[in-house]
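Read-outs: derived from the displayed coordinates by stated rules, not from any lab. This one's a predicted model, so the numbers in the text were calculated from it and none came from an experiment. Positions of Cβ are generated from backbone atoms using ideal geometry, with glycine treated the same way; all protein chains shown enter the neighbour counts.
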Amino acid sequence: MGKLTSNLSITADQNFNFEISKNFSESLVVNQELDNTDNGVQIIAFNPSQIQAGSLADSKMLVLSNAGTVPAEITIRFPDWTSGTPDSVGTADTTHKCMLKPLEFITLPNIRFLGAGAGLPSLAMGDGGALNNTTPNSAGKVDSGANTNEGGTFTVGDTTLTVTDGDYFEVGDYIRIENEICEVTAISTNDLTVKRGMLGSTDASHSDTDIYFHHFNSYYDYDKVLSGSSQLVQTDAQGQFLSKNFFGYGRTGDDVASGLVAGSVAIKFFESAYQNFGFNKRITNSTSTKLDVSTAYAFDLTVDDSSATTISFTTGSDATFKDVISKIQTAINNEVEDNTSNLYNYPCTISLANGDVRVVSSSHLFPHDGTNGSQVLLESGSTGTDLFAGTSGIFPAEANLPKAVKPQLPADTIMDKATGVSKPNTGAFLIDNGNGNLVSEGGAFGSGSINYQTGEISFISAPLNASFVINGHYDSGFSGEVHSSTTKQNMITYIYGRSVNPKINTVVNVVGFN
């Protein structure tokens, strides 16, 4: 493993500087003399499945330079694809040619080149594979498209699972058969080698049945409830998430356009639910609450899937909002940490926000649907002196409290107030940078990794206990990893060259890294 850094500096009427750094595991240097033969001479080939002399599996940087005294004709060959649902590879290749004069050079940062026909449809999109703020299947599992095919029963302890179509699966998959989770460790056509009883499930016998891709948070047992009353597709209390597939997307029965398009994935998290108190004046820390000192007050609070819990606090000798908010937060924390309380493990914060007092859920789950999700609800105290009676200091009556705000998804675009021009709200996403990394501006939504072939996705330091929506492209000619087989070829296959001069040979130097 080495570190590759490429620099290009151009000095003209102004200076331009370009730099890129990558890791590489193999390198190749070729000095190829080229005569005027009509078909040319092979300079370099690419074949991930069979490495030969003058060949690389892939390329993270490729430089072709003409070191001769006459121009060279360079031929680059790659396959034609047809846009569809999913995209498909054609039977004919496309050949593109360019001229490389002495001392001129070409730099290719990768070898993902495809022909798209005269219509020039996008082969990065995939007609049937666009996800637009899509909610992952709430069941935490998606039908793979294949069934068990044991001709009877998949018995306890059997580690070879025969399926109706092995093309849907990738090594590393967590698959679900009824209530058992298996991990795929090897694939031979339609036979999957599996580990049984994974993620807290039980190795059991199964009649021939559906196989599902499991995508609940795989840092935990398959039936673990991370919050609320039932399972959700969500991060945990540390902001972590793992799925061995991209929520069932990017798998095809012919394994041609399977996988995800590098750089297309974006994750957007729900904001927190909250409720304001709705004061008629701007509140600051030093504003007096007008509550009686050394007096107990109470109100009821519901957070997420908790039931209403009475929050009781006693004012001190200082009845300013700074002091009262601090005492309310302490009372809330005590309930959250008390395993006998209805508010146990449902944290929230109370603070000043835009001149008002606001209670905010610490989760980022989707809006509460009556069973699961996030919400904040303030109500009159069921015991004690009611904070929202309308007579407790300057606090409003319950009927005058503003409506609680449900969790929202940030907007996809924002408007520049100065120009009125809309632009992507890049700060709202955990974004795939095209190199298998998930990044967010300033780390606001954490970081992680994405595998473009299998769809395995993991991230950390994301919002806590968070639901999210997904964006991305799949079923595309640019999906997945680099393939050389004729049935799913999605790369340059070779580069040829010849001297344009019938009497003088030239030399093309190649430096390649992968």
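With n ≥ 4 as the cut-off for DSSP H runs, can you work out [θ] at 222 nm for the chain, using -39500 (n - 2.57) per run divided by the number of residues, rounded to the nearest 500?
-1000 deg cm²/dmol
Just to be sure I understand the model, the point goes 7 Å from the Cα along the line to the Cβ. What's the resulting residue 162 to residue 36 distance in nm?
In this crude label model, residue 162 to residue 36 measures out at 6.3 nm.
Would you kindly work out the equivalent ellipsoid of region 332-389 from its C-alpha gyration tensor and give its semi-axes, the square roots of five times the eigenvalues, largest first in whole Å?
Each semi-axis is √(5λ); the values are 19, 17, 13 Å.
For region 399-514, what is the relative contact order in percent, using Cα pairs closer than 8 Å and at least 6 residues apart in sequence?
Dividing the mean separation by the residue count of region 399-514 yields 10 percent.
Show me the trypsin sites (Lys or Arg not before Pro) within region 313-410 that DSSP assigns to loop and that have at most 10 other Cβ atoms within 10 Å of their Cβ.
The qualifying sites are 403.
Sequence-distant or interchain residues sharing an amide H contact under 5 Å with residue 181, placed H: which?
So residue 181 has HN proximity to 197, 198, 201, 202.
Under the rule of at least 5 residues apart or a separate chain, name every residue whose amide H is placed under 5 Å from the amide H of residue 414.
Result for residue 414 returns 423, 425.
In whole angstrom, how far apart do the alpha carbon centroids of region 328-398 and region 12-83 sit?
Value for the Cα centre distance between the two parts: 63 Å.
Quick check: the distance between the Cα centres of region 169-194 and region 439-499, to the nearest angstrom?
Rounded to whole Å, the Cα centres lie 22 Å apart.
What number, in percent, do you get for the relative contact order of region 309-459 if the mean sequence gap of Cα pairs under 8 Å and at least 6 apart is divided by its residue count?
Relative contact order comes out at 10 percent.
If you fit an axis through the alpha-carbon atoms of helix 321-337 and take the longest principal axis of the Cα set of the chain, what angle between them do you get, 0 to 90°, nearest 10?
70
How big is the charge dipole of region 274-400 about its Cα centre, in debye rounded to the nearest 20, if each Lys and Arg gets +1 on its Cβ and each Asp and Glu gets -1 on its Cβ?
So the magnitude is around 560 debye.
Starting from the Kirkwood radius over alpha-carbon pairs of the chain, derive D by Stokes-Einstein at 4 °C in a medium of 1.567 mPa s and give it in µm² s⁻¹. Show your work: numbers first, answer last.
Numbers: Rh = 27.3 Å.
Using the Kirkwood radius from Cα pairs, D works out to 48 µm²/s.
Across 10 Å bins from the origin, how do the percents of Cα pairs in region 274-400 run, short distances first?
All Cα pairs, binned at 10 Å, distribute as 13, 46, 33, 7, 0 percent.
Report the label-to-label distance for residue 122 and residue 237 in nanometres (one decimal), using points 7 Å from each Cα along the Cα→Cβ vector.
The answer from the label model is 4.2 nm.
How big is the charge dipole of the chain about its Cα centre, in debye rounded to the nearest 20, if each Lys and Arg gets +1 on its Cβ and each Asp and Glu gets -1 on its Cβ?
Roughly 1700 debye, rounded to the nearest 20.
Just need the relative contact order of the chain here, percent rounded to a whole number, with Cα pairs under 8 Å and 6+ apart.
Relative contact order here is 25 percent.
If you add up the charges near residue 469, with Lys and Arg at +1 and Asp and Glu at -1, over every other residue whose beta carbon is less than 12 angstrom from its beta carbon, what do you get?
Charge balance in the 12 Å sphere: 0.
Go through 471, 419, 394 and say which Cα lies farthest out towards the positive end of the charge dipole of region 384-514; charges sit on Cβ, +1 for Lys and Arg, -1 for Asp and Glu.
Going by the Cα projections, it comes out as 419.
Quote the Stokes-Einstein diffusion coefficient, in whole µm² s⁻¹, for region 132-217, based on the Kirkwood radius over alpha carbon pairs, a temperature of 37 °C and a viscosity of 0.692 mPa s.
254
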